[in-house]
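Below you'll find the structure, written out as structure tokens, and then a few comments.
The values are calculated or read from the model by the stated rules, or taken from the named source; none is laboratory data. Note that the coordinates shown come from a computational prediction; the quantities given were computed from them, not determined experimentally. A quick note on method: Cβ atoms are made from the backbone with ideal geometry, for glycine too, and the neighbour counts reach across all protein chains shown. Note: accessible area is taken over every heavy atom of the protein model, side chains too, but ligands, DNA and RNA are not part of it. Shrake-Rupley method; radii C 1.70, N 1.55, O 1.52, S 1.80 Å.
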Amino acid sequence: MSKVLVLGEAREGALRNVSFEAIAAGKKLGDEVVGLLVGDAVADLAQELIAYGADRVITVEHPNLAHYTSDGYSQAVLAVVEQESPGAIVFGHTAIGKDLSPKVASRLQIGLISDVTDIEGEGADAVFIRPIYSGKAFEKVKIADGTVFVSIRPNNIAPLAKDAGRSGDVSSVSVDVQNLRSIIKEVVRKSTDGVDLSEAKVVVAGGRGVKSEEGFEPLKELASVLGGAVGASRGACDAEYCDYSLQIGQTGKVVTPDLYIAAGISGAIQHLAGMSNSKVIVAINKDPEANIFKVADYGIVGDLFEVVPLLIEEFKAL
Ligand code: FAD
């Protein structure tokens, strides 16, 4: 296994961090890492993939690929796989990766190891570690032979240091995407605070204990002071304190930040499924028996409306 194809993901003209993490994963699997960029006018991003370790980059560009569709992207990926015959393929386990990878795997008639959080060993000896049973256990998977296809969970595999002086070829592959079954004309995003929840290094999440939409304001301020993103339990989303796009858990987003602050969240098993692998967990809850304290590294028993402003004050003073 020497050539590895890595899908770079861009959003609003900028590469997502998971692209660089996927390159680092690719480096463990083969000698030559080929970055793939799919979209409209994405060639400008190729040099950044190279700076993070890609040896060369292939672009597939077309106005119909400006926004993700599984039909368009899978045709692009399959065309490049046919041309390059990689021994391994790496995607991010993102919304796009989760949708695209099973389709590509089934078309290629190969297996997929999804949601990989770590890789032990290198090349043909690589062993992939992935959480199972909603994060309560980990399994180790090794591919006996054939093409290795993995999707990696964001925020788990460290990217390589950026080297702006690296150079590599950039070439293009043209794919006929005139007659896609669907073409996204425009994406109207809800306004966000800027930090992508699934890639954030710090997440400040609120639950039903936040009590109202206004109750989220101190959490937003704490997240902003820490350069992080705001998340929520389903309890908070169901109560309409915040949007479902913030939901973390079994039926929401899975996050693995360096720091997860849970405020007014009881710690139901479905919530833990989305955050229990965070590196450091801080729980703020006025109930000392709350389940969230079982997974917390630091627990603060108290009223979040008193504790969160104190944290904001302290972190601002640093
Ligand atoms: P509660 O359980 O009501 O907890 C609120 C907590 O806030 C309590 O512990 C309370 O002590 C504390 N509190 C109250 N006031 C304060 C205060 N002033 N200061 C500090 N603490 C305070 N849930 C998810 O989160 N994500 C999912 O993806 C998800 N998927 C689900 C899928 C299925 C199929 C099902 C059945 C359920 C799912 N749930 C999910 C729901 C889950 O079971 C819980 O109902 C939900 O997580 C509870 O949210 P909560 O912790 O915010 O609310």
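Given a 1.4 angstrom probe, what's the average accessible area per residue across the chain, in square angstrom?
47
Kindly provide the helix-only [θ] at 222 nm of the chain, computed as the sum of -39,500 (n - 2.57) over DSSP H runs of four or more divided by all residues, to the nearest 500 deg cm²/dmol?
Working: 8 runs with 83 residues, N = 318.
Calculated at 222 nm, the ellipticity per residue is -8000 deg cm²/dmol.
Quick check: Cα centre of region 144-198 to Cα centre of region 208-231, how many Å?
For region 144-198 versus region 208-231, the Cα centre distance is 29 Å.
List the trypsin sites (Lys or Arg not before Pro) within region 215-311 that DSSP assigns to loop and that have no more than 13 neighbouring Cβ atoms inside 10 Å.
Numbers: sites: Lys220, Arg234, Lys253, Lys279, Lys286, Lys294; in loops: Lys279, Lys286.
Those satisfying the criteria are Lys279.
Taking all protein chains as present, what is the carbon and sulfur share of the accessible area of the chain, in % to the nearest whole number, probe 1.4 Å?
48
Just to confirm a number: summing +1 for Lys and Arg and -1 for Asp and Glu over residues other than Gly135 whose beta-carbon lies under 12 angstrom from that of Gly135, what do you get?
Counting the neighbours of Gly135, the net charge comes to +1.
Would you mind counting up the charge near Gly168? Only other residues with Cβ under 12 Å from its Cβ, with Lys and Arg at +1 and Asp and Glu at -1.
-3
Out of the GluC sites (Glu not before Pro) in region 106-153, which ones are loop residues according to DSSP with at most 14 other C-beta atoms within 10 Å?
Within region 106-153, the qualifying GluC sites (Glu not before Pro) (loop, at most 14 other Cβ atoms within 10 Å) are Glu122.
In region 245-318, what chymotrypsin sites (Phe, Trp or Tyr not before Pro) fall in a loop by DSSP, with at most 10 other Cβ atoms inside 10 Å?
Passing sites in region 245-318 do not exist.
Of Glu199, Glu217, Glu32, which has the largest mean-square fluctuation in a 10 Å C-alpha GNM of the chain?
Taking springs between Cα atoms under 10 Å, the residue moving most is Glu217.
Give me the net charge for the shell around Leu112: Cβ to Cβ below 15 angstrom, other residues only, Lys and Arg +1, Asp and Glu -1.
Neighbourhood net charge equals +3.
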